[in-house]
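Everything on this sheet refers to the single structure shown next.
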Amino acid sequence: MKNTTIKCRIDSTSGNLDFYAECSGESRYIFTRKFRKTLFGYFKNGVSVYKLFELGRAHGNEVVINTTLQLREALKYLEKEYGIQIFDNRRDSSISYRRRKEYTPDLAA
């Protein structure tokens, strides 16, 4: 589904960020993260699923990059669990693996 977007909402009771995948008028819960201003600013208006593969849009922000990587894995799970098609092309998954190597933290330094 080409028009799948990822949005976050603030949970009124706990103050955490709830992430949802919105496609075809349906909203599906993905996961919850602690409130971070940068995360809320990045996802509040919605981010296309295909923009998740462009890690450069995060401008080196580790919180956004790590959440984006977790979102990709969670979306693959949603595809299997609900039988919906989110990604049109599985080639995108191999691209994300190569980019993931760029952002692995160097703990030896």
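Please turn the phi angles of region 32-44 into ³J(HN,Hα) values with the Karplus equation 6.51 cos²θ - 1.76 cosθ + 1.60 (θ = phi - 60°), one per residue in order, whole Hz, x for glycine and proline.
Computed from phi, the couplings for region 32-44 are 10, 10, 5, 5, 9, 4, 5, 5, 5, x, 6, 10, 5 Hz.
As a quick test, which of the pairs K7/K34; K51/K76; K7/K76; K44/K80 have an alpha carbon distance above 19 angstrom in this structure? The partial results should precede the final answer.
Details: K7/K34 15 Å; K51/K76 15 Å; K7/K76 17 Å; K44/K80 26 Å.
Checking Cα-Cα distances, K44/K80 exceed 19 Å.
Note the full-extension length gain between K51 and Y77 as 0.36 nm times their separation in residues minus their Cα-Cα distance, in nm to one decimal. Walk me through the numbers on the way to the answer.
Working: separation 26, 0.36 × 26 = 9.36 nm, distance 1.84 nm.
Result for the pair: 7.5 nm of gain on full extension.
FYI, it's all coordinate maths here, none of it is from the lab. Since the structure is predicted, the reported quantities are computational estimates derived from the model, not experimental observations.
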